[in-house]
Amino acid sequence: MKLAELFYSIQGEGKLVGVPSVFVRASGCNLRCSWCDTPYASWKPQGENVPVDEIVRQVASYPANHVVLTGGEPMIMPEISELCAALRKIDRHITIETAATVFQSLPIDLASISPKLSNSTPLGSEFAAAHEQTRLNIPVIQRFINESPDFQLKFVVSREEDLAEIQDILDQLSGWYNSDVLLMPEGVDATTLASRNGWIAEACKASGFRFCHRLHIELYGNIRGV
Ligand code: SF4
């Protein structure tokens, strides 16, 4: 699998925030979010092809029960099924982070679904039309909800009008509770996050959704391998 990076850290986002985990970042994505914080796995994918057994060997070398398969878009990696099965064999808890534009049934524990809002479209770029056409796939999101042992719906929020768009998406989905929905401020520095935290926290109080902290930014800043 083309691998951008593999590292051991603390989960910074979502239901498992704070849990020590090994992150396996696949390189390559079918979207091009304007604010992508891992362009080395999407806009300009970097990395080498690493065999699945070597990835599993590296995961097993860390004292963590939890593994996060992320990207890029791990769901488009040809080896993703083989990797999940191998990690299952060594009893790891598997989270997959996906924009949920493609589905396949995998032996995972948590689907971290991050549907992309219109704020992600890279206006003016050659990728804008393809991104806009691909970024939201309601039937695929619904399958992740229906067929995953656990899931979270994580929305990246940068402007107040995003809230109505999120509600419109949720209205097309079933099987979720308010506590499955996370609103995460978009930003990769403390100043930007602070400018959005307040009104997003109030939106969470008004809706019953969860506020999604970005703990890794606070702990380490916006650097690779953390
Ligand atoms: S889906 Fe994720 S990895 Fe792909 S471009 Fe968007 S933010 Fe980046």
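Filtering segment 160-178 down to residues that are aliphatic (A, V, I, L, M) and in contact (Cβ under 8 Å) with a residue 24 or more places away in the chain, which residue is surrounded by the fewest Cβ atoms within 10 Å (Cβ to Cβ)?
The qualifying residue surrounded by the fewest Cβ atoms within 10 Å (Cβ to Cβ) is ILE169.
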Failed condition for SER105, given (1) more than 13 Å from the ligand (Cβ to nearest atom); (2) touching an Asp or Glu at 6+ places or on another chain (Cβ under 7 Å); (3) in a strand (DSSP E or B), with all others met?
(3)
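Say whether the condition of being among the small types (Gly, Ala, Ser), closer than 26 Å to VAL157 by Cα, in contact with a Leu (Cβ under 7 Å, 6 or more places away or on another chain) and surrounded by 16 or more Cβ atoms within 10 Å (Cβ to Cβ) is met by at least one residue in segment 59-80.
Residues of segment 59-80 among the small types (Gly, Ala, Ser): 60-61, 64, 71-72.
The next check asks that each one be closer than 26 Å to VAL157 by Cα; those that pass are 71-72.
Okay, now just the ones that are also in contact with a Leu (Cβ under 7 Å, 6 or more places away or on another chain), so none.
No, because not a single residue in segment 59-80 is among the small types (Gly, Ala, Ser), closer than 26 Å to VAL157 by Cα, in contact with a Leu (Cβ under 7 Å, 6 or more places away or on another chain) and surrounded by 16 or more Cβ atoms within 10 Å (Cβ to Cβ).
Which residues, counting only those in segment 146-157, are in contact with a helix residue (DSSP H, G or I) (Cβ under 9 Å, 6 or more places away or on another chain) and surrounded by 19 or more Cβ atoms within 10 Å (Cβ to Cβ)?
PHE151, GLN152, LEU153, PHE155, VAL156, VAL157
If you check LEU136, LEU153, which single one turns out to be touching a residue at least 40 places away in the same chain (Cβ under 8 Å) and either more than 23 Å from LEU16 (Cβ to Cβ) or not in a helix (DSSP H, G or I) (or both)?
Details: LEU136 fails: touching a residue at least 40 places away in the same chain (Cβ under 8 Å).
Matching residue, one of LEU136, LEU153: LEU153.
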Residue check for GLY187: crowded, with 17+ Cβ neighbours inside 10 Å, of a type outside the set (A, V, I, L, M, F, W, C) and out of contact with any strand residue (DSSP E or B) (no Cβ under 6 Å at 6 or more places or on another chain):
yes
Out of (1) within 20 Å of VAL67 (Cβ to Cβ); (2) hydrophobic (A, V, I, L, M, F, W, C); (3) within 16 Å of the chain's Cα centre (by Cα), the one LEU87 does not meet is (3)
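Please go through segment 33-58 and give me each residue that is farther than 23 Å from LEU193 by Cβ and buried (at least 21 other Cβ atoms within 10 Å of the Cβ), ordered by number. Before the answer, list the steps.
Quick first cut of segment 33-58, residues farther than 23 Å from LEU193 by Cβ only: 44-58.
Correct list: ILE55 only.
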Subset of segment 191-226 [modelled with pLDDT of 90 or more and outside any helix (DSSP H, G or I)]:
GLY208, PHE209, ARG210, PHE211, CYS212
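For segment 1-100, give me every one of the strands (runs of 3 or more DSSP E) that falls completely inside it and has 1 or more residues that are within 16 Å of the ligand (Cβ to nearest atom) and of a type in the set (Asp, Glu). Break it down into steps so the answer makes sense when it comes.
On the way: elements: 2-10, 20-26, 66-70, 93-98.
Output list reads 2-10, 93-98.
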When (1) over 21 Å from GLN11 (Cα atoms); (2) surrounded by 14 or more Cβ atoms within 10 Å (Cβ to Cβ); (3) of a type in the set (A, V, I, L, M, F, W, C) are applied to ALA206, the one that fails is (2)
Please state which of the following conditions ALA129 fails to meet, knowing it meets all the rest: (1) free of Cβ contacts under 8 Å to residues at least 24 places away in the same chain; (2) buried (at least 18 other Cβ atoms within 10 Å of the Cβ); (3) of a type outside the set (Val, Ile, Thr).
(2)
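Condition check ((1) modelled with pLDDT of 95 or more; (2) out of contact with any strand residue (DSSP E or B) (no Cβ under 6 Å at 6 or more places or on another chain); (3) within 14 Å of the ligand (Cβ to nearest atom)) across all residues:
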{"site": "THR134", "(1), (2), (3)": "yes, yes, yes"}
{"site": "ILE138", "(1), (2), (3)": "yes, yes, no"}
{"site": "ARG143", "(1), (2), (3)": "yes, yes, no"}
{"site": "LYS154", "(1), (2), (3)": "yes, no, yes"}
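The values are calculated or read from the model by the stated rules, or taken from the named source; none is laboratory data. Given the structure is predicted, the values throughout are model-derived calculations rather than measurements. Quick reminder, even Gly has a Cβ in these numbers, built from the backbone with ideal geometry, and neighbours come from all protein chains shown.
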